[in-house]
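Asks: Just passing along the structure, written as structure tokens.
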Amino acid sequence: MNYLAHLHLGGPAPQQLLGSLYGDFVKGSLEGRFPPALEAAIRLHRQIDSYTDQHPLVLAALARFPRERRRFAGIVLDVFFDHCLARHWPDYAERPLAQFTGDFYRVLLAEPDLPGRLARIAPFMAADDWLGAYGDFATLEQVFNGIARRLSRPEGMVGVMGELERLYEPLLADFREFYPQLQAFAAVGRMSDS
């Protein structure tokens with residue numbers, strides 16, 4: 001899962017929102033590094049990633065990609081699933097997407113001590129509404145170009161948009177079957193940490 005899904009799954013409280021995003025920017029042991037609620041949200045983020053990476057529906061979705069893409073298919077699928085969530089947001093959330101993302105951006109920009117790379121990208125994320133923009137399929141090309149710049153083998157992302165266009169409907173069906181299961185898993189995780 002990518003940013004939007006983690007934020008949606010992690011809970012609505014400010015510390016839950018921040019921790020849901022920090023999970024992509026904070027590595028290693030957490031004990032005492034952050035307030036307890038924030039650490040709990042980071043742990044949930046990691047549990048969601050582990051659950052997702054091992055889930056049979058996700059493994060089947062990854063197998064749809066050509067063999068030469070498999071090394072990067074997980075990254076591609078994470079971003080595509082955020083696209084599916086943004087595009088079909090009313091099916092999975094009660095609050096409108098623009099309200100959800102606006103509330104999150106206010107929390108994000110009010111936090112004075114964001115970790116590492118997140119501190120650098122947060123203003124751009126909010127100003128350009130990265131989360132809401134996932135709903136536009138064409139935006140994914142910009143996302144993949146940004147990811148490619150950070151990879152040691154950027155050529156691994158060449159041609160990904162064409163593959164996603166061909167695989168769009170089956171991958172969307174995979175998302176629709178998987179995401180409610182992930183929502184249930186995350187809800188149990190939030191309750192166990194409260």
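Every read-out reported here was derived from the displayed coordinates using simple, explicitly stated rules and does not represent laboratory data. Just so it is clear, the model here is predicted, and its values are computed rather than measured. Please note: Cβ atoms are built from the backbone with ideal geometry, for glycine as well, and neighbour counts cover all protein chains shown.
Asks: Which loop trypsin sites (Lys or Arg not before Pro) in the stretch 123-194, with loop taken from DSSP, have no more than 13 other Cβ atoms within 10 angstrom of their Cβ?
Replies: On the way: sites: Arg149, Arg150, Arg166, Arg176, Arg190; in loops: none.
Here no loop site has a sparse enough neighbourhood.
Asks: Can you give the helix-only mean residue ellipticity at 222 nm for the chain, where every DSSP H stretch with n ≥ 4 adds -39500 (n - 2.57) and the sum goes over all residues, rounded to the nearest 500 deg cm²/dmol? Walk me through the numbers before you get to the answer.
Replies: Working: 10 runs with 137 residues, N = 194.
Only helices count here, giving -22500 deg cm²/dmol.
Asks: Top mean-square fluctuation among His83, His45, His55, Gaussian network model of the chain, C-alpha springs under 10 Å?
Replies: Among His83, His45, His55, the largest GNM mean-square fluctuation belongs to His55.
Asks: Quick one: length gained pulling Arg33 to Ala184 fully straight, 0.36 nm per residue minus the C-alpha distance? Walk me through the intermediate numbers first.
Replies: Values: separation 151, 0.36 × 151 = 54.36 nm, distance 2.82 nm.
Length gained between Arg33 and Ala184: 51.5 nm.
Asks: A further question follows. Gaussian network model of the chain, Cα springs within a sub-10 Å range: biggest mean-square fluctuation belongs to which of Leu108, Leu172, Leu59?
Replies: It is Leu59.
Asks: For the chain, find the longest principal axis of its Cα atoms and tell me its angle to the long axis of helix 160-193, 0 to 90°, nearest 10.
Replies: 30
Asks: May I pose another question? Run the dipole for the stretch 3-193 about the Cα centre, Lys and Arg Cβ at +1, Asp and Glu Cβ at -1, nothing else charged, and hand back the magnitude in debye, nearest 20.
Replies: The dipole magnitude comes to about 520 debye.
Asks: Kindly express, to the nearest 10 degrees and within the range 0 to 90, the angle between helix 116-127's C-alpha long axis and the longest C-alpha principal axis of the chain.
Replies: Compared with the principal axis, the helix lies near 80 degrees.
Asks: Find how much the distance from Ser192 to Gln142 grows on full extension, using 0.36 nm per residue of separation minus their present alpha carbon separation; answer in nm with one decimal. Intermediate values should be presented prior to the final figure.
Replies: Values: separation 50, 0.36 × 50 = 18.00 nm, distance 3.73 nm.
Stretched out fully, the Ser192 to Gln142 stretch lengthens by 14.3 nm.
Asks: Another question about this same structure. If exposed GluC sites (Glu not before Pro) are those in a DSSP loop with at most 15 other Cβ within 10 Å, what is the longest stretch of the chain that has none?
Replies: Values: sites that count: Glu31, Glu94.
Of all site-free stretches, the longest is 95-194.
Asks: Next up: For Phe80, what charge total do you get from the other residues with a beta carbon under 14 Å from its beta carbon, if Lys and Arg give +1 and Asp and Glu give -1?
Replies: -3
Asks: If you don't mind, there's one more thing I want to ask. Can you give the relative contact order of the stretch 3-193 as a percent, counting alpha carbon pairs under 8 Å and 6+ residues apart?
Replies: Once normalised by length, the contact order is 29 percent.
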